[in-house]
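Before any comments, here is the structure.
The values are calculated or read from the model by the stated rules, or taken from the named source; none is laboratory data. Here the structure is a predicted model, which means the values were calculated and not measured. Note that we place each Cβ from the backbone using ideal geometry, even for glycine, and neighbour counts take in every protein chain shown. Ligands, DNA and RNA are excluded from the accessible area calculation, which covers all protein heavy atoms including side chains. Shrake-Rupley method; radii C 1.70, N 1.55, O 1.52, S 1.80 Å.
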Amino acid sequence: MNRRMLLWWGVGLLALATVLGAVVVFAYPETPGFDRWWNDTVAGFRAEWMLDFALALNWIGGGWVAILGVPVLAILALVLARRWRGAVFAAACFAASAGAVQLLKQLFGRARPDDMLVVSDYGSFPSGHTANAATIALVLWVLFPRVWVAIVGALWVLAMALSRTFLSVHWATDTLGGAIVGAGVVLVLAAWLLPWAQRTKAQVDAPIG
């Protein structure tokens with residue numbers, strides 16, 4: 001995928017997330033039927049292991065662990081792999097994704113489900129946990145474009161999205177919006193930085209000619 005396509009896809013995804021937020025918040029006086037149905041359905045078949053799993057992802061994907069722990073580990077791993085340019089790209093993606101999520105949360109101010117099982121911050125749309133998972137998945141995929149990386153990343157995003165609804169801390173459309181925002185931010189920055197970020201030290205040091 002060339003830089004222009006990356007840019008168009010990224011901008012398109014960010015626009016889609018904004019439109020989705022506007023629809024679910026402003027077009028419906030009450031929560032859309034699908035969101036209420038999914039929330040009620042999940043609440044009806046929660047199992048102990050599901051809640052344990054969801055609580056673990058709640059810890060991994062939020063608070064200082066998500067804001068500092070996971071990004072720092074990812075950046076450190078890239079630096080140790082002598083991919084410092086990729087580390088800079090990853091840091092930019094993490095920061096931009098977090099900023100975009102907070103901007104949309106403030107813009108829409110969507111109320112969370114009444115039966116949420118954990119305490120969370122202001123604004124239900126989009127899901128910051130899911131956006132962070134999508135950001136990590138897309139960063140790794142664009143830096144290491146392998147099929148297995150894409151599959152593992154997709155499963156990670158899906159698991160995080162489901163965990164947020166298992167805890168009734170987000171509506172289903174919040175998690176969809178979060179995944180779209182995280183992916184959109186990475187693609188926009190990839191259109192700008194990826195050719196530079198993908199260069200390894202060996203390529204930089206290689207003689208010309």
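Under unit Cβ charges (Lys, Arg +1; Asp, Glu -1), what dipole magnitude, rounded to 20 debye, does the range 75-209 have relative to its Cα centre? Provide the component values of the computation, followed by the final result.
Details: 10 positive and 5 negative charges, 101 e Å.
Approximately 480 debye in magnitude.
First check a/c for the range 1-107, with a ≥ b ≥ c the square roots of the eigenvalues of its C-alpha gyration tensor; if it is under 1.5, answer rounded, and if not, answer prolate when a/b is larger than b/c or oblate otherwise.
Details: a/c = 2.49, a/b = 1.31, b/c = 1.91.
Oblate.
Defining a contact as two alpha carbons under 8 Å apart and six or more residues distant in sequence, what relative contact order in percent does the chain show? Please report the intermediate quantities before stating the final value.
Values: 301 pairs, mean separation 74.0, N = 209.
RCO, the chain: 35 percent.
Going by average Cβ neighbours within 10 Å, how do the peptides 21-32, 99-110, 125-136 rank, with the highest at the top? Walk me through the numbers before you get to the answer.
Details: 21-32: 13.9, 99-110: 17.3, 125-136: 29.2.
Ranking the peptides 21-32, 99-110, 125-136 by packing returns 125-136, 99-110, 21-32.
Probe 1.4 Å, all protein chains in place: accessible area of residue 116 in Å², nearest 10?
60 Å²
Rolling a 1.4 angstrom probe over the protein heavy atoms, how many square angstrom per residue are accessible across the chain? All intermediate terms of the calculation are to be shown ahead of the outcome.
Details: 11100 Å² over 209 residues.
Accessible area per residue, the chain: 53 Å².
Charges at C-beta only: +1 for Lys and Arg, -1 for Asp and Glu. How large is the resulting dipole of the range 26-141 about its Cα centre, in Debye rounded to 20?
Values: 8 positive and 8 negative charges, 142 e Å.
Its charge dipole is roughly 680 debye.
Would you calculate a helix-derived [θ] at 222 nm for the chain, using -39,500 (n - 2.57) for each DSSP H run of n ≥ 4 and dividing by the full residue count, to the nearest 500? Before the final figure, lay out each step's value.
Numbers: 9 runs with 152 residues, N = 209.
For the chain, the value works out to -24500 deg cm²/dmol.
Would you work out which of 7, 167, 134 lies farthest towards the positive end of the dipole of the chain, given +1 charges on the beta-carbon of Lys and Arg and -1 on that of Asp and Glu, about the Cα centre?
Result: 7, furthest along the dipole toward the positive end.
Once you put a point 7 Å from the Cα of residue 82 and another 7 Å from the Cα of residue 43, both along the Cβ direction, what distance in nm separates them?
5.6 nm
Could you give the nm distance between label points at residue 147 and residue 26, where each point is 7 Å from its Cα heading toward the beta carbon?
4.4 nm
Please compute the net charge surrounding residue 125, taking Lys and Arg as +1 and Asp and Glu as -1 over other residues with Cβ under 13 Å from its Cβ.
Working: positive: 105, 110, 112, 164; negative: 35, 121, 174.
With Lys, Arg at +1 and Asp, Glu at -1, the net is +1.
Checking the a/c ratio against 1.5 first, then a/b against b/c, what shape does the Cα gyration tensor give for the range 92-148? Provide the component values of the computation, followed by the final result.
Details: a/c = 3.54, a/b = 1.95, b/c = 1.82.
Because a/c hits 1.5 or more and a/b exceeds b/c, the range 92-148 counts as prolate.
Any idea which of 61, 78, 107 is furthest toward the positive side of the dipole for the range 55-156, if Lys and Arg beta-carbons carry +1 and Asp and Glu beta-carbons -1?
78
Would you mind giving the three semi-axes, in whole Å and largest first, of the ellipsoid equivalent to the chain according to its Cα gyration tensor? Could the numbers behind the result be given before it?
Working: eigenvalues 216, 71, 36 Å².
Over the Cα atoms of the chain, the ellipsoid semi-axes are 33, 19, 13 Å.
Out of the total accessible area of the chain (probe 1.4 Å, heavy atoms of protein only), what percent is carbon and sulfur? Spell out each step's value before the answer.
Working: 8080 of 11100 Å².
It is 73 percent, rounded to a whole number.
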